[in-house]
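First comes the structure, then the notes that go with it.
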Amino acid sequence: MTGGRSHLDPLAALRAPGDPACDVYLTGTVFLDIVFTGLDAAPVRGTESWARGMGSSPGGVANMATALARLGLRTSLAAAFGDDMYGDYCRDALEQGEGIDLSMSHTVPGWHSPVTVSMAYEGERTMISHGHEAPPKDEVLEGGRECPPPARACVASLVPGEAQEWIATAARRGSRIFADIGWDETGGWDLSALPDLAHCDAFLPNAVEAMSYTRTDCPRAAAHRLAEQVPLAVVTMGAEGAYAVDGGTGESAQVPAIAVEALDTTGAGDVFVAGFVMATLAGWPLADRLACAGLTAALSVQEFGGSLSAPGWAEVAAWYQHVRSYDVQDPAALRRYGFLDALLPRCARAWPLRRAVPTIGFRA
């Protein structure tokens, strides 16, 4: 099960008649990602560099959607797709390859797909993107369906100084809102400039973002400050792991990161959020949610690309079997990730797993 649809449903025990058909809804821009790998160094101006590997995949918001779907969540994505070959490729990869519901998405005639070229070397990445903003879609789709649809949860990216109406609508309909934030280009770092924060159940910034918004000099202090604004604050701290504070109960938890050799960090933040959303919807304890999110993110950075690297349950099971093996048994990992015993099927696949690298142009 490398990529594609998950055969493990983490919410199976919780599903009941009358539940929304969608577990998670999200919206955003889908890019075609072209990733060059095997570069010995950064390209030098005026020279030609040859890469030893290349892969293509849907990127942008597709990174998050793919990560959610590979963890077994029924995922609905609203996005614009161009009517070019790139758009067809991305739509097919998400809908047919990953089982993501695209009924809320739309095709824009004459609009070309946004493209990002990423070059990975020495554990770093350099990206060049091009695209134009897509025209908005109607809020009411064919057949009278409304967007956003009923969903257990929604994943949103907050924008400083901008209220996104769909977030308030989704929260009003009972969806739990999980939000992250990008770099504040205005330099204001003002929590009051994030109006949609009031609708969020969980806020998941990185350490720099959290400290900037709270005017603190410690990620843990920042998490406690943010927990005064949202029910749950989660701050990612890179190699130090992640720290979370439940604003309602006062509970806090910290889980260290798994030490891995990072090949490409593209999409790792999306994978972390996806793992945390899945574990939260499944009702896991706070520390286990952090551990699950950190594990999935650690597995993703060992592969190249964004959605290409998002792990499924086969990857998680293979890793857990590896740390339980006689030769490399890790007692600390066994204690921290013991919650996987009741969830994962036996997995006989070899470790480490290697992914196929897809490309555009082959025809069946």
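Condition (residue is crowded, with 23+ Cβ neighbours inside 10 Å, under 23 Å from Ala65 (Cα atoms) and in contact with a Phe, Trp or Tyr (Cβ under 7 Å, 6 or more places away or on another chain)) applied to the stretch 208-229: is it met by at least one residue?
Among the residues of the stretch 208-229, not one is crowded, with 23+ Cβ neighbours inside 10 Å, under 23 Å from Ala65 (Cα atoms) and in contact with a Phe, Trp or Tyr (Cβ under 7 Å, 6 or more places away or on another chain), which makes the answer no.
So which of Leu32, Leu68 ends up being in contact with a strand residue (DSSP E or B) (Cβ under 6 Å, 6 or more places away or on another chain), buried (at least 16 other Cβ atoms within 10 Å of the Cβ) and more than 21 Å from Ala279 (Cα to Cα)?
Leu32 is the lone residue from the list that is in contact with a strand residue (DSSP E or B) (Cβ under 6 Å, 6 or more places away or on another chain), buried (at least 16 other Cβ atoms within 10 Å of the Cβ) and more than 21 Å from Ala279 (Cα to Cα).
May I ask you to say which residue of Gly46, Gly55, Gly18, Gly59 is more than 18 Å from the chain's Cα centre (by Cα), outside any loop (DSSP other than H, G, I, E, B) and among the small types (Gly, Ala, Ser)?
The match here is Gly55.
Just one of Val230, Val208 is at pLDDT 95 or above, part of a helix (DSSP H, G or I) and under 30 Å from Thr75 (Cα atoms); which is it?
Step by step, each of Val230, Val208 is checked, and only Val208 is at pLDDT 95 or above, part of a helix (DSSP H, G or I) and under 30 Å from Thr75 (Cα atoms).
For the stretch 97-111, give me the residue count where each residue is under 19 Å from Val24 (Cβ atoms) and not hydroxyl-bearing (Ser, Thr, Tyr).
Residues in the stretch 97-111 being under 19 Å from Val24 (Cβ atoms) and not hydroxyl-bearing (Ser, Thr, Tyr): 7 in total.
If you take the residues in the stretch 166-205 that are in contact with a strand residue (DSSP E or B) (Cβ under 7 Å, 6 or more places away or on another chain) and in a loop (DSSP other than H, G, I, E, B), which one is farthest from Gly248 (Cα to Cα)?
By that ranking, first place goes to Gly182.
Looking at this structure, is Glu165 surrounded by fewer than 19 Cβ atoms within 10 Å (Cβ to Cβ) and either touching a helix residue (DSSP H, G or I) at 6+ places or on another chain (Cβ under 9 Å) or more than 30 Å from Pro17 (Cα to Cα) (or both)?
For Glu165, the condition - surrounded by fewer than 19 Cβ atoms within 10 Å (Cβ to Cβ) and either touching a helix residue (DSSP H, G or I) at 6+ places or on another chain (Cβ under 9 Å) or more than 30 Å from Pro17 (Cα to Cα) (or both) - is not met.
For the stretch 87-135, what are the residues that are in contact (Cβ under 8 Å) with a residue 60 or more places away in the chain, farther than 30 Å from Gly238 by Cβ and either surrounded by fewer than 17 Cβ atoms within 10 Å (Cβ to Cβ) or aromatic (Phe, Trp, Tyr) (or both)?
Answer for the stretch 87-135, where residues must be in contact (Cβ under 8 Å) with a residue 60 or more places away in the chain, farther than 30 Å from Gly238 by Cβ and either surrounded by fewer than 17 Cβ atoms within 10 Å (Cβ to Cβ) or aromatic (Phe, Trp, Tyr) (or both): Tyr89, Gly99.
Checking the structure you have, find out if any residue of the stretch 150-165 is of a type in the set (A, V, I, L, M), over 27 Å from Val208 (Cβ atoms) and not in a strand (DSSP E or B).
Within the stretch 150-165 (the criterion being of a type in the set (A, V, I, L, M), over 27 Å from Val208 (Cβ atoms) and not in a strand (DSSP E or B)), the answer is no, since none of the residues qualifies.
Please work out which residue is nearest to Ala279 (Cα to Cα), limiting yourself to the stretch 74-111 and to residues that are touching a Ser or Thr at 6+ places or on another chain (Cβ under 9 Å), part of a loop (DSSP other than H, G, I, E, B) and among the hydrophobic types (A, V, I, L, M, F, W, C).
Once the filter is applied, the top-ranked residue is Ile100.
Considering every residue within the stretch 13-27, establish whether at least one is small (Gly, Ala, Ser), touching a strand residue (DSSP E or B) at 6+ places or on another chain (Cβ under 7 Å) and either crowded, with 16+ Cβ neighbours inside 10 Å or free of Cβ contacts under 8 Å to residues at least 40 places away in the same chain (or both).
The answer is no; no qualifying residue exists.
Restricted to the stretch 230-239, and to residues that are surrounded by fewer than 24 Cβ atoms within 10 Å (Cβ to Cβ) and touching a helix residue (DSSP H, G or I) at 6+ places or on another chain (Cβ under 8 Å), which residue is farthest from Val260 (Cα to Cα)?
The selected residue is Val230.
Based on what the data block shows, is Ala253 farther than 28 Å from Gly59 by Cα, assigned to a helix (DSSP H, G or I) and either out of contact with any helix residue (DSSP H, G or I) (no Cβ under 6 Å at 6 or more places or on another chain) or not acidic (Asp, Glu) (or both)?
So Ala253 does not fit the description; no.
Could you please find all residues in the stretch 112-129 being part of a strand (DSSP E or B) and closer than 12 Å to Thr29 by Cβ?
Val115, Thr116, Ser129
Residues that are hydroxyl-bearing (Ser, Thr, Tyr) and either modelled with pLDDT of 90 or more or within 19 Å of Glu98 (Cβ to Cβ) (or both): which helices (runs of 4 or more DSSP H) entirely in the stretch 271-345 hold 2 or more of them?
286-300
Kindly provide the set of residues from the stretch 256-270 that are crowded, with 19+ Cβ neighbours inside 10 Å, under 15 Å from the mean Cα position of the chain (by Cα) and not in a helix (DSSP H, G or I), ordered by number.
Selection gives Asp264, Thr266, Gly267.
For the stretch 140-149, which positions are in a loop (DSSP other than H, G, I, E, B), touching a strand residue (DSSP E or B) at 6+ places or on another chain (Cβ under 7 Å) and either modelled with pLDDT under 90 or on the phi > 0 side of the Ramachandran plot (or both)?
The one that is in a loop (DSSP other than H, G, I, E, B), touching a strand residue (DSSP E or B) at 6+ places or on another chain (Cβ under 7 Å) and either modelled with pLDDT under 90 or on the phi > 0 side of the Ramachandran plot (or both): Cys147.
The values are calculated or read from the model by the stated rules, or taken from the named source; none is laboratory data. Model, not experiment: these values are computed from the prediction. We place every Cβ from the backbone using ideal geometry, glycine too, and count neighbours over all the protein chains shown.
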